[in-house]
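Colleague: Below are the structure tokens for one structure; questions will follow.
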Amino acid sequence: VQLQASGEAWRSLGGSLRLSCAASGNTFAPYNMGWYCQAPGKQRELVATITNGGGTNYADSVKGRFTISKSNAEITVYLQMNSLKPEDTAVYYCNFKRIARQVDYWGQGTLVTVSS
């Protein structure tokens, strides 16, 4: 599985941004997709996930501000990021999880910088 995410972006406090990540290769279902982030000096952590059936899960820090969605036809996952804060600054990684074998695939990472 190969994951191609959108490029790095800069926003100001309160701004919005939409990340996308398209999967290709052996992307047969079932699978989950999601977004994780890693800020400087910190471990990678969950931002949001969306299951094969469309169920979603969010980190508390982004609830009400970020929305994850997907296109099954295009095998693409999106992350709509609203009301951005400087603490959202991080590298965002797209994740594709093959459910049957619990195998994870990762995108190359997208740097998002939010200035105050």
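The values are calculated or read from the model by the stated rules, or taken from the named source; none is laboratory data. In this text, all values refer to a predicted model and were calculated from it rather than measured experimentally. So basically every Cβ, Gly included, is an ideal-geometry build from the backbone, and we count neighbours across all protein chains shown. All accessible areas refer to the heavy atoms of the entire protein, side chains included, with ligands and DNA or RNA removed. Shrake-Rupley method; radii C 1.70, N 1.55, O 1.52, S 1.80 Å.
Colleague: With a cut-off of at most 16 other beta carbons within 10 Å, and DSSP calling the residue loop, which chymotrypsin sites (Phe, Trp or Tyr not before Pro) in the stretch 1-86 qualify? Please list them.
Modeller: Counting only loop positions with at most 16 other Cβ atoms within 10 Å, the chymotrypsin sites (Phe, Trp or Tyr not before Pro) in the stretch 1-86 are F28.
Colleague: Then there's this: Exactly which GluC sites (Glu not before Pro) in the stretch 33-116 are in a DSSP loop and have at most 15 other Cβ atoms within 10 Å?
Modeller: E74
Colleague: At 1.4 Å probe size, with the rest of the protein present, what percent of the exposed accessible area of the stretch 58-105 is carbon and sulfur atoms?
Modeller: 47
Colleague: To the nearest 20 debye, what is the magnitude of the charge dipole of the chain about its Cα centre, counting +1 on the Cβ of each Lys and Arg and -1 on the Cβ of each Asp and Glu?
Modeller: Roughly 120 debye for the chain.
Colleague: Additional query: Please list, by residue number, everything in the stretch 31-53 whose backbone N is under 16 Å from a paramagnetic label point 7 Å out along Cα→Cβ of N82.
Modeller: In the stretch 31-53, the label zone of N82 (backbone N under 16 Å from the point 7 Å along Cα→Cβ) covers no residue.
Colleague: Evaluate 2.2 N^0.38 Å with N set to the residue count of the stretch 1-51, then give the Cα radius of gyration divided by it.
Modeller: Compared with the compact-globule rule of thumb, the stretch 1-51 sits at 1.37.
Colleague: Could I ask something else about it? Taking θ as phi - 60°, what are the ³J(HN,Hα) couplings along the stretch 34-51 by the Karplus curve (6.51, -1.76, 1.60), each to the nearest whole Hz, with x for Gly and Pro?
Modeller: Each residue of the stretch 34-51 in turn: x, 10, 10, 9, 9, 8, x, x, 10, 7, 5, 9, 5, 9, 6, 10, 9, 7 Hz.
Colleague: Per residue, how much accessible area does the chain have with a 1.4 Å probe, in Å²?
Modeller: 53
Colleague: Might you list the cysteines of the chain that have no disulfide-compatible partner by the rule of another cysteine's Cβ under 4.7 Å?
Modeller: Lone cysteines by the Cβ rule: C37.
Colleague: Right, something else. Where the Cα atoms of the chain are projected onto their three principal axes, how long is each span, largest first, in whole Å?
Modeller: 42, 24, 24
Colleague: So, one more: Setting aside same-chain residues fewer than 8 positions from K63, which aspartates and glutamates have a Cα under 13 Å from its Cα?
Modeller: Output for K63: D88.
Colleague: Modelled label-to-label distance, S116 and A29, 7 Å Cα→beta-carbon offset: nm?
Modeller: With each label point 7 Å from Cα toward Cβ, the separation is 4.5 nm.
Colleague: Might you report the magnitude of the Cβ-based charge dipole of the stretch 1-69 about its Cα centre, with Lys and Arg at +1 and Asp and Glu at -1, to the nearest 20 debye?
Modeller: With Lys and Arg at +1 and Asp and Glu at -1, about 140 debye.
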